[in-house]
There are 2 protein chains.
Amino acid sequence: MPAISKDLQEEREKVNFNIEEFTNWFYGGIEKVEKKRSLEKLLLSDPDLNLSLDTSYLSYKEQYEEAIRRSTITYRKVIDLLKKTGGNQIKAGAVLEVLRSCMIGCINKEGDPLMLQFTMFLFMMFKLTNDEQKAEWLPKVLNCNILGTYAQTELGHGTNVRGLETTATYDPITKEFIINTPSLSAYKFWPGNMGHTVNYAVVLAQLYTKGQCYGIQPFIVPIRDLETHKPLPGITVGDIGNKMGYMTMNNGYLAFNNVRIPFKNLLMRNAKMLEDGTFIKPKISVLNYGAMSSMRNSILNDTAMMMSRAATIATRYSLVRRQSPINPNDPEPKIIEHKTQQYKVFVPLAKAIIYRIVSSYLDELFTQIQQESSSGNFDRLNELHALNCGLKAVMSEEGTKAIELCRLACGGHGYLKSAGFDSIYRLCTAAQTGEGENTVMHLQTARYLMKTFTKARNGEKLTEGVAYLSEFINLNGRRLIFDDSIRGILRAIQTAAASKIVIAWKHIEERKKNFTAEEAASYTGIELTRASELHCHTCLLQIAIVEIEKAIGKVSRALGEVLRNVLELYAVDTILKLSGDVLLFVNMTAEDVEKLQKRLENSLQFFRSTAIGIVDGFDFSDQILDSTLGAYDGNVYENLFAATKKSTLNDEEVNKSFHLYLKPFMKANL
Amino acid sequence: MPAISKDLQEEREKVNFNIEEFTNWFYGGIEKVEKKRSLEKLLLSDPDLNLSLDTSYLSYKEQYEEAIRRSTITYRKVIDLLKKTGGNQIKAGAVLEVLRSCMIGCINKEGDPLMLQFTMFLFMMFKLTNDEQKAEWLPKVLNCNILGTYAQTELGHGTNVRGLETTATYDPITKEFIINTPSLSAYKFWPGNMGHTVNYAVVLAQLYTKGQCYGIQPFIVPIRDLETHKPLPGITVGDIGNKMGYMTMNNGYLAFNNVRIPFKNLLMRNAKMLEDGTFIKPKISVLNYGAMSSMRNSILNDTAMMMSRAATIATRYSLVRRQSPINPNDPEPKIIEHKTQQYKVFVPLAKAIIYRIVSSYLDELFTQIQQESSSGNFDRLNELHALNCGLKAVMSEEGTKAIELCRLACGGHGYLKSAGFDSIYRLCTAAQTGEGENTVMHLQTARYLMKTFTKARNGEKLTEGVAYLSEFINLNGRRLIFDDSIRGILRAIQTAAASKIVIAWKHIEERKKNFTAEEAASYTGIELTRASELHCHTCLLQIAIVEIEKAIGKVSRALGEVLRNVLELYAVDTILKLSGDVLLFVNMTAEDVEKLQKRLENSLQFFRSTAIGIVDGFDFSDQILDSTLGAYDGNVYENLFAATKKSTLNDEEVNKSFHLYLKPFMKANL
C-alpha cells in the first residue's frame, strides 16, 4: 500500500469525532457494517474477476461479454448466500443491496446483465404468482436455472402502462394464450438484460378473453431455448443499442408473432381466470404498485450512495489539490480554502447524508405499510405512493446535479473517466426517466396534494407529512413571520409549498368552469409540478429534522455536533435555493437572507475540519470508489498518471494510423 | 427518402411565417446560409467517410483510428479551401466554424484529433510569432506538413497559468533553450491532439535566463519524428486516457528531459530576447488574451448551436410521440399538448436562439476591440474580458442544463445514444471546466464589477453594459417598483444584480478591516460568484433586447412576431427563475409573479404552433442532427428500430458468452 499523502494525513489528524461511530450510525448499526464489509470482501476479492482491467477501452460487444463473465462469477456466490438465508428474497435484501452497490460501483460499472434476476424478475414471480406457480417457478429462479426479466415498457408506451399494446388472447380450445405484437410501437423495448441474456420474461399484455379486453395482466413467457439460447419460434429479440450509460445492462427489444403459452402461465395472485376463459377481477388493482415502489426506494438509496461517493472524491481531491494563491505571493493553498470550493463540495456532501437518512426512513415506512396492506389495510398506500413518486423525482434530479457539481468541483481532471464521476453520473441521471418519468411522478404527487387540500378545506384531519396544509389554512391569509430556527425554516418552506398548492388548486377550480376536471389539471401542470417539488422539499427537511434529532440523542456529543451541522447546512441551503418561492409568501427580509448566507458560510467552515472524517466514515473501499482523485491515499497525481497506462492507445509508441493516414496526409502538400 | 410522418406534416402546414427568412436571419444573411450549405455538402457528402458506421460500438483505439481516417479525408478538403481564401486564418473563419460544427456534429462526434491544427496551433503561430518566424512556420502549418497543438495545462496547474512549472533555461553558449519537466505535477496534461497525433507543440514554460525567471513564455517544440512518429529524445508523450466525452480528441501528456531547442524557437511577437540571454519585457502582457478570448467565443457559438440541435430533436419528438390521454377516454395526444412538456422544450429552444444572438454579437464586438487593440487602444479590453469570462461560465452551464432538459423531455428514449443528446451533452459540459474553470471565470468578472462599482461610486461614467450600476446608485436606497414591460424586466434583474454587487462590495470592505484585500475578496467568493451570475443575466437580456428589436425592424411582420415571442419567453422565464434575488430588492408582488406565470404559459402556447417552423429553420441536415428522435421525417419508431441494427451485439443471434459463461452457470445449480 502506498504512503498516505501528507496533505490528507494532516487533515485526518485533526478529525475530532469517532469515524467508526459515524460509519455505524450511517449504515444503521455495527452488525450491518460488518455484514457489508464481509460481503464486499467476498464479492470483490476474487482475482478471477480481474477488476484491474479498465473495460472502458473495450468495444461494446467485448464489454458485454466481460460483464457476463463477471456477473456469472459473482452470482454463483450470491446463490450460495441466498441459500444460506433460506432463499427468502425479503431477508436477502441486505445481500442484494450490497450486490447492487458492488455491481454498479465496481464489478460492472456499466450495469449488470443479470441484475433483473434477483430484483424485478424474482419480485414479480414472488408477488404475482399463486401458490402453485410459486412452487413451480421460484426454485428455478432462485437457482438461476432460468434467467428472466420483466417486460413492461414498449417502444410507444412507457410511463402510461394502460396504453400498452401487446395482446394475450385466450384460446379456450387449446387452453393457451396467444401473445402478439400488433404494431412496431408495441415492441417491448428497454427491459434490462433482455437483449441477449435472459430466456424468460414476465410480460405485461392486454388480456383478451371471450371477445373482451380485461386490461393489463402479467404472463411468464419463455423467449429463448434453454439449450441453444436461440430465440423461440415467433419471438424476435435483440439489443436496443448503445446508450448514455448502462452499456452492459443489455436492454432489449422483444416482439411476439402468435406465441402460444399455456393457461398456467398467466400469473394469478391478483386476477384469476377459469380454464373456460371466464375472467375474475381482482379485489384491488395495485398490480405492480409494490414492485415499482420497491424499485423506486432502491433508486433513492442508490442515489444517496452515489452522491456520497461523488462527495468523497471531491472532498479528498479538494484537500490535496493546490491552486491559485489567495494573497499574490503566498504559496498555493489547498483548493478547499476557497469558499466557492467549500460551497460546491460540502452542500452535496450534506445532501448525500440527508438523502441516505430519508431513504432509510422510507424503507422502514415501506415495510410497515406493506405489512398493513397484507393484513388488508390500504389506508396509507396513497400517501406512501405520493411520497415515493415525488421524492423519486426530486432526489434523482437533485442527486444527478450534486454528482455533476462534485465533478465540476474537480475541474478538468473530473472529466476523466478515472476520476470516477462519469459512470455514476450516467447511472444516476437514468433514474430521472426510469421507473416513472419525473414530471409524471410529480403530477401524481400533485394530484394527491389537490385531494388532500380539499380534505383540509373540509376540516378533515391530515397525516403528519401534509398537516402543514391545515396550519396554513389556519393562518387565514396572514403572512408567516420568518423565524430562523431549523423548524422555522421548515415552516417557511411549508408555507411556500402550501401557498403554491393553494394557487394551483384555485387555478384548477377556475379552469373547471370552462374545461373538464382533467383538462383543468393538465393546463395547470407547470404549477402543479412546482407545488409537488416544494412539497417534497418540506418532506425531505421534515424527515431529516426528526431523524437527525433522534440520532443526536443516541450518539456521542462530538458526532452529534457533526450531524447537527449537516442538518444546518442542508436546511439553510435549501431555503436559500427556494427563496424565490418563500419570499412571495413569508415575511422574510433581505437582512434575514444575509444572515442565512452568513450561517451557510459558518456551516461550511465547520465542514472544513470535519469533512474528511465524514467521507472516510462512508467506508468506501478504493475498489468501490474506483477513483484516481478520491483514493484513500490522496496521491492524486501518481494515481492519475498510473491510470494513463491503462489506455490501450499507449500500448504502442506509434499507432498504425500514422502510417496509414497521417504521414500520407502530411506529405500530400509538401 | 421516406415519407414524412403525418404528425409532422400537419404541423408544418400550419406554420405561418417564412422558414427560409428565419434561416437567413439566424445565420446572418443569405450568403452565409449558402456558404454554410455548400460547405456542409462538400464535407459531408464524401462516401469515403463512411458516416453510416456508428463508431460508438468500436473500441477506444478503433475509434481513434477511425477518427484520424475521417479527419485526414476532411482536412485535405479544408487545406484546398484555405488556399482559395488566401491562407488568411481570419478570413478562413467561416470555413473553420462549419468544420468544427461538422466534426463535432457528425464526422467525429467524439472530437477531432486534428482540431487544434487550425485553431489554437495556427492561432498561436500567427499571433505569437515575429515576421521571421511567420515566414518559417506558417506555410508548414497551413499545409499540414507539421501537425501541432498548444501545450499549456499541466497535471498540477490548469486555470492558474502563473503556477505552471515547466522550465525553459537558456544556454547562451549553444544558443539553445533546455526544456525540462521538474516534477510529476509539471507534466503537460490535457492538450488536445497531443497523445499520439501531433509532432509539434507550442509549449508554455517559465523562461530562465541569466539565472533569473522571466515568467511564462511560448516556445515551439518538436515532439515526434516527422518520418517515424517516434517521440524525440528526452520526450515522454502519450494519451491521458478515457474521458466522459471527446474520446477521440486524443488529449495527451508530455514531459521533457533536457530537451534542447534552438534560440529561434522562442516565439517573439511580444517578449524579446537577445542571443546573449538578455530578456526584454513586452510592453503589455496580454500574451494569450486574444487566443483564449477567441476560443471562448467559439465555445459560446458551439454551445448555442448544440442547444439548437437539442431543442430541434426534443421539439420534433414531442410533435410525434403520443402519451397519456388528458381526458380518460380521449385518444392519446401528442405529448407537446401537455403544458409541462411545452415548458421543458420551448424554454431551451428560446434560450438557444438568444444565446446564438449573443454569441454573434460578441463575435462582432471581439473583432471591433481587436482592431482597436492592434491600433494601440486597449481601453475596452477589460470590459470585453469580463463579459467574455462570465458569459462563458453562464452560457456553458445553462447550455448544458438546456441540453439535458431536452433529453429528459424525450423520456427513456432520450437516453439512447441514437437520440443524439448524449454526445452533445458530453461536449457541452466540457466547456464548464475547459478554457477557464467556470467559478474562476465568474470571479474574474466579479473583480471587474467591484472595480466598476468603485468607479460608479466616484461618479465616473460607465459603459453601456454596466451603466445600471450608476442608475442603482441614483435610486438612493429606494426600492424599484416593478414594471412588467420587457425593459422593466431587465431593470428588475439589473436592480437585483446591482444590489448583490453592492452587498458583495460592502462585505469585502468590512472584511478588509481584518484581512488583506485579496483575502477579503476570497472570503466573499460565494457572493461574488452570484453577483457575476446575475450581472451576466442582465448582459444576456440586454443584448437580446437590442438585437431582437433591431431584427424586428428588418424582417417580415410574421417573423417579427416569432422573434418577439422568443424574447418574451426568454425574459419572463429568466425573471421567474431569478425571482429569489429580484424579490429581495424590487417591489414585485405575488400577483406580479402570477401574471408573469400566465404570460409564460401564453408564450408557450404561441410556440406550440411556431416551434416546428423555428427548428426546421435552424437548417440542420439529418446528417448533422444524427438523431432517431429528431430526424426531419418524424418517423421516430422506424428510425429507433433501424438504429438497433447497428448494435454489434445483434450481428449474431447468440453471443458467445452464452456458451462460455451463462450455460455452465445455469446448469451449475440444477
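Bear in mind that the values in this text are calculations on the coordinates, not laboratory data. For clarity, every value in this text was computed on a predicted model and none was experimentally measured. Using ideal geometry, Cβ is built from the backbone for each residue, glycine included, and neighbour counts are taken over all protein chains shown.
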Quiz item: Looking at the range A:167-189, which of the residues that are of a type in the set (S, T, N, Q) and in a strand (DSSP E or B) is surrounded by the most Cβ atoms within 10 Å (Cβ to Cβ)?
Solution: A:180
Practice problem: Only one of these is more than 30 Å from residue B:244 (Cα to Cα), assigned to a helix (DSSP H, G or I) and within 14 Å of chain A (Cβ to nearest Cβ): B:403, B:336. Name it. | Solution: B:336
Quiz item: When you go through A:366, A:378 one by one, which is the residue that is in a loop (DSSP other than H, G, I, E, B), in contact (Cβ under 8 Å) with a residue 60 or more places away in the chain and either away from chain B (no Cβ under 13 Å) or not β-branched (Val, Ile, Thr) (or both)?
Solution: A:378
Practice problem: Report yes if some residue within the range B:490-498 is within 15 Å of residue B:585 (Cβ to Cβ), hydrophobic (A, V, I, L, M, F, W, C) and touching a strand residue (DSSP E or B) at 6+ places or on another chain (Cβ under 8 Å); otherwise report no. | Solution: yes
Quiz item: Looking at (1) within 12 Å of another protein chain (Cβ to nearest Cβ); (2) β-branched (Val, Ile, Thr); (3) under 21 Å from residue A:319 (Cα atoms), which is the only condition residue A:586 fails?
Solution: (3)
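May I ask you to list the residues in the range A:651-665 that are under 30 Å from residue A:421 (Cβ atoms) and at the interface with chain B (Cβ under 7 Å from one of its Cβ atoms)? Please lay out each step first, then the result.
Initially, the range A:651-665 is screened for residues under 30 Å from residue A:421 (Cβ atoms), giving A:651-652, A:655, A:657.
Across the range A:651-665, the qualifying residues are A:655, A:657.
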Exercise. For the range A:592-637, enumerate the residues that are among the acidic types (Asp, Glu) and under 30 Å from residue B:506 (Cα atoms).
Key: A:592, A:594, A:601
Quiz item: Going by the structure shown, is residue B:490 out of contact with any Gly (no Cβ under 8 Å at 6 or more places or on another chain) and under 17 Å from residue B:389 (Cα atoms)?
Solution: no
Exercise. Being at the interface with chain B (Cβ under 8 Å from one of its Cβ atoms) and among the charged types (D, E, K, R) is the filter; apply it to the range A:631-650 and report the residue that is nearest to residue B:189 (Cα to Cα).
Key: A:638
Practice problem: Of the numbered conditions (1) within 14 Å of chain B (Cβ to nearest Cβ); (2) buried (at least 23 other Cβ atoms within 10 Å of the Cβ); (3) touching a residue at least 60 places away in the same chain (Cβ under 8 Å), residue A:422 fails exactly one; give the number of that condition. | Solution: (3)
Practice problem: Go through the range A:291-331 and give me each residue that's more than 14 Å from chain B (Cβ to nearest Cβ), more than 22 Å from residue A:636 (Cα to Cα) and of a type in the set (S, T, N, Q). | Solution: A:293, A:294, A:297, A:298, A:301, A:303
Practice problem: Taking residue A:435 as the residue in question, decide whether it is part of a helix (DSSP H, G or I) and either under 18 Å from the mean Cα position of the chain (by Cα) or surrounded by 24 or more Cβ atoms within 10 Å (Cβ to Cβ) (or both). | Solution: no
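For residue A:325, are the conditions met, namely being closer than 18 Å to residue B:437 by Cα and touching an Asp or Glu at 6+ places or on another chain (Cβ under 7 Å)?
On the way: closer than 18 Å to residue B:437 by Cα: yes; touching an Asp or Glu at 6+ places or on another chain (Cβ under 7 Å): yes.
Yes.
Which is surrounded by 18 or more Cβ atoms within 10 Å (Cβ to Cβ) and hydroxyl-bearing (Ser, Thr, Tyr), of B:303, B:236, B:278?
From the options B:303, B:236, B:278, the qualifying one is B:303.
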